[in-house]
Structure formats: structure tokens, C-alpha cells
Amino acid sequence: MTRILDRPIPPRSSAMLEQQGIHPLLARLYAARGVQDRSQIDYSLQAMLAPDSLTGASDAAIMLADAIEADARLLIVADYDCDGATACAIGIRALRAMGANVSYLVPNRFEYGYGLTPEIVDLAAHAEPDMIITVDNGIASVDGVARANELGISVLVTDHHLPGDTLPAADVIVNPNQPGCTFASKAIAGCGVMFYVMLALRAELRRRGAFEGREAPNLGNLLDLVALGTVADVVRLDHNNRVLVTQGMQRIRAGNLTPGLRALFAAAGREPSRAHSFDLGFAIGPRLNAAGRLSDMAIGIECLITDDFARALTLAEQLDAMNRERRDIEQGMQQEAEAQLAGIDIGESTSLSLFHPDWHQGVIGIVASRIKERAHRPTIAFARGNEGELKGSGRSIPGLHLRDALDLVSKREPGLIIRFGGHAMAAGLTLREDDLARFRATFEQAVADMVEPAALTRTIETDGALEASLMNLHAATLMEAETWGQGFPPPVFADRFEVRNQRLLKDKHLKLALVKDGASFDAIWFNRAEPLPAQVRAAYRLDINEYQGVRRVQLMVEHAEPAT
């Protein structure tokens, strides 16, 4: 069952925004998302939170500046997803531009798992680093940091994940979610944290006179990578994150993007000058993530750090081929997951924990996401990991903090989960294969205790009806130019339509002609084969369809039900 609900639109906020010069449609949309003043949609660089407000950033800058002056060997240990890859590339590019001796290591997820483990530190030690810098990981790496300390290697942790009960004994930790940090953007991605550390380092080197006689590096040129990692990691787009993404998108559209990102746009068949956040999240991000899911994220990082466009294009094409392979693997796993679903009464369940012995460890997160979308239940998909162990990747629904649910499981059944970590909407864990049934039951009870029953009904929040006079190219272009994403959702409208015509495309997509107030609109509902009744209430997005250079408005249907 799916409910269509209209977001409340505070009339005072909407009117105030209009008085401040905001287009009436955008004023209405912004007001429904909590914006009360034009300053909240100021996406200039001056609107960014200050680097020195991020706890540990200034200490990290001093530590790194000292290391650069001493020509110390720095080693970035990266995570294997898009956020980790962009954070690593930001670090490599910025540190080298500031004179550092820096290299990187991205562990194979299937051999070493997640985070700075003791085994990864021993592997890193072969490069004889003086300092390890973690990006997008490390806040839970108590044992790994202890091992680095034993070996006399300094550690700088940069991360954004939620900490556990004990912090690692690193020299410096930069993480907005660590205790005592008052940085206002708790939702910043790992790439954003690293970008802030690099800003603080540049300021520290400037204070030391390191740039006398030469220009300081323009770190704004890295904002395309910050935008990519932020959108791909699906973090909440609070005001500061919207500043970072908007600034990055403006550079991408202006053609000011790194060779690797330009190559990835080419491999995806997308045009940077017309890019929006959807491209980053659904076209570019998955191609980078494919390397970490199936092979080695070093391919993705090399693509992002090279200045040779020809080499970047070769690497981007390899990533594109991996992404096609990932889709093939995912399709088979999806069919197996749906077969398991057929034997489950979803209405009686508050969660889903699925396992198949042949599932690919690198693709279970996508399968969990797909099943969560279909069943509207917190879903964890498991694959075999090390001998006797299962690796799980979970996705949640609004109303359930997934990491907190796993934490509750670990407290109720100590030792059941070997390790876990993550966010509100996504988390990972490891457990013994023999404990799967016990975990399934305990997780089900934990979710039942934490989630409100109403949250188990899928809800599409909309911005209400859209006047037919606004269902045009100008309005669609206005909305397309804005920054939308997690926590600041793209506009969705709900209206009654007459279904004038409908036919199937490729046997799985419903192509429609919908009529409202005498005006007819082209529409499409992807992955919907069943026909619609003559009168419907539909939730839809206003989209621009471009064909042979002609741009037309198209409605992207997300849900429809018989009109009553």
C-alpha cells in the first residue's frame, strides 16, 4: 500500500520568500522544505561554514604542515566507495599541490574488510609511511590505530560516520559526529570532511609563508569531486552540503571539471554542461562504485587523480565495463531475492534479512536497496565473506535509524554481531553464518520496538497540485537548476488526470498521455506494465525530455491510483 501525502506549505514563509524576490513556485517549494529566509538558499562560497569550526581541522592542519616541512611520507588509506574515492582524490590532489610527499592505499574489501584494521596497517607499513591519513573511515578503527601506534606511525583520522563507545587513539580526529564537535553540518560526507581539512591546511601554510613567491593552490577546483562524493553517498543535503554541491555543479556545467570526471561523463553518455545532481547519483557515482564492488577502487581513484585525459578516458571505460558487469550480476541476484520474498508475508514483518550462498558480496547493498524500495521494509542482504562468516549490507526506511537498530541488537545479544557500522539509512555488519536465524529474529524484534507502525506504509510526500499553466518548460528549467537531494527532496506533485492514451515501451514501461484542465501532457511510468484506469490521481515529477535537440516537458510518474 502507498499513501500520497501533501507537504504542508507555511504560507508566511512562502510569502516572505516571494517578497525577497524568489519565484512564486520556488518560494512555495522552499517553504515546504523549511526555508524561511533567502539566506538559507544562499549557496555562495561565503555561505560555507568556516573550517576552523570543525573540531580537529586546525590541529590536523598543523600536523600536516609540520609533515610537509619535514618531507614526511604520508599515506592516505581510503574507503572503497564513491565518497571514499573522491575523498582520497581530493587529498592526493590538494596535498601534492601543497608540496606533500603523499601516496594512497585502498584495501581490497573482500580481503581486508572495512576500515583501518590491524591487517591493513601491516600492509600499509610496507610503504614505510610516517603518517597514515584515513578518509571516509577510521572512527571505529580502535585496533587498527593501536597497531599503527605500536609501529610508530602517526594517524590522522578524517571520517563522518558515527563513532562507537570508544574513540581510536589517533593523533588527531576530524569528524563532525565525534563527541564535543559543534560543527553545524553533521551530515557532511567524507569527501567534504577532507575538503575542509585541506582548506585548513592551506590557511596554516599561508600563515607560515609557504606560498611566498607563488600562488596558493585553488582548492575550489576540487569542488566537482566534493559534489560527486556528497551526492553519491546520499547524505542529507543540509544548507552547507547544498552549498558544496551547488558550487561543484556550477563548475561542472561551466566545463571546469577534473579530467577523470569529464571522462566519466563521456563514458556515461552525459553532457557536463547540462548536468544536475541526478547525473552524479545515478550515472557517475555507480560507475565509480562498480570498481569497489567488483574489483579494486584504485582504478577509480587513478581516474580521478590523473591529469592526462586520454588515460582518464581509458580508466573510465574500464569502470563503465565493470558497471555493466555489476548490473548483470545484480539482475540475477534481484530475481533470487524476489523469489525469497514470494515466501514471506511482508504485511506480518517489520524487517527483511535475506541470504543466498551464491550472492556477490560487492552487490548486496544494491539488492538491499531495491528490495527495500519494493517492500518498504528495512532490508539487510547477506553474502558469504570469510570462512564461516556472512557480510551484510542494509538499507532503511524513514523512521528507523539502521545503525541504532544494529546497536540495539548487539546490546540485546552480545557477541551476535561481530562488527557493524554505518548511518541512519545504510549500514553494514558481519556475523557468523550459523547465527543468521538468531540475528533475523533479534533484528525483527528490534525494528518492531523502534519503528512506528505508520512508518511501515510507504508514503510519497508531494508538493500538492501544480497549476496546468506551470506545467511548462520554464518551470521545469527553474526546478532543474536548483540543488535537490536527500533531506531536501526534488519536487513531486500530485494531480487528478484523465488517462487519454497508454501503451507499453519495451514491454515494461508505461507511456501515457495525461489530460488536466484540457491540457495534454506526455508522461512515462518506468517499470510499470499494468494499465491504468481512465481517471487517476498521480504523483509525478516535472522532467525535461530532449530528443533531436528539441526539449519538451514530460511527467515522470512515481505512483498512481484510481481517482475517487
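The values are calculated or read from the model by the stated rules, or taken from the named source; none is laboratory data. Everything numeric here is computed off the predicted structure, so don't read it as measured data. Here the Cβ is made from the backbone with ideal geometry for all residues, glycine too, and neighbour counts use every protein chain on show.
Annotation: Ala310 fulfils all but one of (1) assigned by TED's automatic domain parsing to the domain that holds Gln445; (2) part of a helix (DSSP H, G or I); the unmet one is (1).
Selection within segment 125-139: residues that are surrounded by 24 or more Cβ atoms within 10 Å (Cβ to Cβ) and within 30 Å of the chain's Cα centre (by Cα). The member of this set that is farthest from Asn108 (Cα to Cα) is Ile139. Looking across Ala283, Ala263, one residue alone is assigned to a helix (DSSP H, G or I), within 19 Å of the chain's Cα centre (by Cα) and either assigned by TED's automatic domain parsing to the domain that holds Leu105 or small (Gly, Ala, Ser) (or both). It is Ala283. Hey, does segment 10-19 have a residue that's among the acidic types (Asp, Glu) and touching a residue at least 40 places away in the same chain (Cβ under 8 Å)? Checked against the condition, which is being among the acidic types (Asp, Glu) and touching a residue at least 40 places away in the same chain (Cβ under 8 Å), segment 10-19 yields no hits at all. Would you pick out the residues in segment 408-448 that are out of contact with any helix residue (DSSP H, G or I) (no Cβ under 8 Å at 6 or more places or on another chain) and among the aliphatic types (A, V, I, L, M)? Correct list: Ile418, Leu436, Ala437, Ala441, Ala448. Considered as a group, the residues in segment 473-498 that are assigned to a loop (DSSP other than H, G, I, E, B) and in contact with a strand residue (DSSP E or B) (Cβ under 8 Å, 6 or more places away or on another chain) include one that is nearest to Ile397 (Cα to Cα), and that residue is Pro489. Check whether at least one residue in segment 376-384 is surrounded by fewer than 20 Cβ atoms within 10 Å (Cβ to Cβ), basic (Lys, Arg) and farther than 19 Å from Glu444 by Cα, and report yes or no. Within segment 376-384, one or more residues are surrounded by fewer than 20 Cβ atoms within 10 Å (Cβ to Cβ), basic (Lys, Arg) and farther than 19 Å from Glu444 by Cα. Where residues in segment 381-399 are over 18 Å from the mean Cα position of the chain (by Cα) and of a type in the set (A, V, I, L, M, F, W, C), which of them is farthest from Met322 (Cα to Cα)? Top of the filtered list is Leu390. Scanning segment 438-472 for residues that are assigned to a loop (DSSP other than H, G, I, E, B) and acidic (Asp, Glu), we see that the one that is farthest from Val492 (Cα to Cα) is Glu452. Checked against (1) farther than 30 Å from Gly365 by Cβ; (2) in contact with a helix residue (DSSP H, G or I) (Cβ under 7 Å, 6 or more places away or on another chain); (3) of a type outside the set (Gly, Ala, Ser); (4) not in a loop (DSSP other than H, G, I, E, B), Val35 passes all but a single condition, namely (4).
Among the residues of segment 232-250, not a single one is outside any helix (DSSP H, G or I), of a type in the set (S, T, N, Q), more than 16 Å from the chain's Cα centre (by Cα) and not assigned by TED's automatic domain parsing to the domain that holds Tyr30. When we screen Arg274, Arg253 for residues that are surrounded by fewer than 21 Cβ atoms within 10 Å (Cβ to Cβ) and within 25 Å of Arg38 (Cα to Cα), the only hit is Arg253.
The residues of segment 527-550 that are farther than 22 Å from His474 by Cα, modelled with pLDDT of 95 or more and under 32 Å from the mean Cα position of the chain (by Cα) amount to a single one, Arg537.
Those strands (runs of 3 or more DSSP E) of segment 325-436 in which at least 3 residues are closer than 27 Å to Ser141 by Cα, considering only elements entirely within it, cover 379-384, 389-395, 417-422, 426-432. A single member of Phe521, Phe488 is closer than 20 Å to Ala468 by Cβ, surrounded by 18 or more Cβ atoms within 10 Å (Cβ to Cβ) and not basic (Lys, Arg), and it is Phe521. No other residue among Thr230, Thr166 is touching a strand residue (DSSP E or B) at 6+ places or on another chain (Cβ under 9 Å) and either surrounded by fewer than 16 Cβ atoms within 10 Å (Cβ to Cβ) or closer than 30 Å to Pro489 by Cα (or both) apart from Thr230. When residues in segment 467-485 are screened for being closer than 14 Å to Leu26 by Cα, of a type in the set (Gly, Ala, Ser) and buried (at least 19 other Cβ atoms within 10 Å of the Cβ), 2 of them pass.
This table checks each residue for (1) more than 26 Å from Leu75 (Cβ to Cβ); (2) touching a residue at least 24 places away in the same chain (Cβ under 8 Å); (3) not hydrophobic (A, V, I, L, M, F, W, C).
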site: Gly285; (1), (2), (3): no, yes, yes
site: Asp296; (1), (2), (3): no, yes, yes
site: Ile305; (1), (2), (3): no, yes, no
site: Ala312; (1), (2), (3): no, yes, no
site: Gln331; (1), (2), (3): yes, no, yes
site: Ile364; (1), (2), (3): yes, yes, no
site: Ser369; (1), (2), (3): yes, yes, yes
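Screening segment 292-307 for residues that are of a type in the set (A, V, I, L, M, F, W, C) and part of a helix (DSSP H, G or I) and picking the one that is nearest to Ala267 (Cα to Cα) gives Cys303. Against the numbered list (1) of a type in the set (D, E, K, R); (2) closer than 22 Å to Ala97 by Cβ; (3) touching a helix residue (DSSP H, G or I) at 6+ places or on another chain (Cβ under 6 Å), Arg293 comes up short only at (2).
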